[in-house]
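See below for the structure under consideration.
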Amino acid sequence: AVIVRSSTNIEGELLNADQKLKIVVPAGIGVDNIYLSACKDKGIVVENTPFGNANSAAEHAVALMFAAARFVPQAHEKLINGEWAKKLFMGVELKGKTLGLIGAGNIGRLVAQKAIGLGMNVIAYDPYPNQKALDELGVNILDLNDLLRGADFVSLHIPLLDSTKHIMGQEQFEIMKETAILINASRGGTVDEGALTQALIDGRIAGAALDVFEEEPLGAGHAFEDLNNIILTPHLGASTHDAQIQVAVDAAEQIEAFLKDEIIKNQVNS
């Protein structure tokens, strides 16, 4: 059995070298670093741990939304550099605004709960929604274009798949409100960074806050560095003490269940 984090790739030589490997479990939800089809071909089960860091990821998305709405890091930078820039940063309240979720799975619904608690209206786009859970929350499902037209904040909560790569690109930014803010604490690659850069430069949307990127770490000289209407964090969604303990426990328990009792949970390469 192997437990991995996102910086360790399970592919190629490693898969060919170990003939006894039976199960791979990442300590988290993402499996971008695991060659799923090769594992399946070799009879290796891949399970993720989707629940242990879900709340931390949801809270970080909300934190990014607050920070973008009130220019928190930009104001901090001005202040520590000796500038009292109170008039420069006129923000907006979250109460009464519409949050559009792209992806309404476990994390997306946690974000919805928190946003509703803040007095926001929540709408969602999801090709395979849990309708009962969303009905209980009062979240309406819309098609993507209608969501983009109506949302003041758009937050992504989807895996990176062929069908979701660059789901947010030039066409989508042109549909959004000019006052809208994009939040991405899900997966890099779901947002076309070139198109986002241009949309922010042109004022096509008001701002963005990103925790994930097409290439990580984010390289020096990236176009985002020249923008003052974007907030960036280095993939911190699951970076809480609470989440790290829980995903480790979840991974260990799932491996024990598999090796001792042949119980498969949260398989992602069936």
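The values are calculated or read from the model by the stated rules, or taken from the named source; none is laboratory data. Since this is a predicted model, take the numbers as computed values, not measurements. Cβ atoms come from the backbone with ideal geometry, glycine included; neighbour counts cover every protein chain shown. The accessibility values were calculated without ligands, DNA or RNA, using every heavy atom of the protein model including side chains. Shrake-Rupley method; radii C 1.70, N 1.55, O 1.52, S 1.80 Å.
Below is a table of values for the structure above.
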quantity: Ranked by how many other beta carbons lie within 10 Å on average, peptides 218-230, 22-34, 114-126 from highest; calculated: 22-34, 114-126, 218-230
quantity: Rounded to whole Hz, the Karplus (6.51, -1.76, 1.60) HN-Hα couplings of the range 51-65, x for glycine and proline; calculated: 9, x, 10, 4, 5, 4, 5, 5, 4, 5, 4, 5, 4, 5, 5
quantity: Size of electric dipole in the range 5-156: Cβ of Lys, Arg +1 and of Asp, Glu -1, about Cα centre, debye, nearest 20; calculated: 400 debye
quantity: Whether the range 1-148 is rounded, prolate or oblate, judged on the alpha carbon gyration tensor where a/c under 1.5 counts as rounded; calculated: oblate
quantity: Computed label-point distance, nm, for sites residue 11 and residue 87 using a 7 Å Cα→Cβ extension; calculated: 5.4 nm
quantity: Magnitude of the charge dipole, the range 94-246, Cβ model with Lys/Arg +1 and Asp/Glu -1, debye to 20; calculated: 600 debye
quantity: Derived scalar couplings ³J(HN,Hα) [the range 103-108; Karplus, 6.51 cos²θ - 1.76 cosθ + 1.60; whole Hz; x for Gly, Pro]; calculated: x, 10, x, 4, 6, x
quantity: Protection proxy ranking of 203-215, 101-113 - average other beta-carbon atoms within 10 Å, highest first; calculated: 101-113, 203-215
quantity: Residue-normalised accessible area of the range 130-270, given per residue in Å² at a 1.4 Å probe; calculated: 52 Å²
quantity: Probe 1.4 Å, accessible area per residue of the range 1-91, Å²; calculated: 59 Å²
quantity: Fraction of antiparallel bridges per DSSP, the chain only, in percent to nearest 5; calculated: 5 percent
quantity: From the coordinates shown, percent of Cα pairs over 29 Å apart corresponds to which of [x] 36; [y] 33; [z] 27; calculated: [x]
quantity: FRET efficiency, 1/(1 + (r/R0)^6) with R0 30 Å, evaluated for residue 249 and residue 42 via beta carbons; calculated: 0.65
quantity: Top positive-direction residue, dipole computed over the chain with Cβ charges, set 50, 62, 121; calculated: 121
quantity: Contour excess over end-to-end distance, with Cα ends at residue 229 and residue 170 and 0.36 nm allotted per residue; calculated: 19.5 nm
quantity: Apportionment of accessible area to carbon and sulfur, the range 20-98, percent (1.4 Å); calculated: 58 percent
quantity: 5 angstrom amide H check on residue 158, placed H, neighbours 5+ away; calculated: 187
quantity: Cα-Cα over 32 Å, subset of 87/177; 40/260; 132/165; 40/114; 114/165; calculated: 40/114
quantity: Accessible-area composition of the range 163-270, carbon plus sulfur, in percent [1.4 Å probe]; calculated: 49 percent
quantity: The chain: relative contact order as a whole-number percent, Cα under 8 Å and 6+ apart; calculated: 21 percent
quantity: Under-5 Å amide H pairs with residue 125, H placed in peptide plane, nonlocal only; calculated: 101, 102, 103, 142
quantity: For residue 10, distant residues with modelled amide H under 5 Å away; calculated: 34, 35
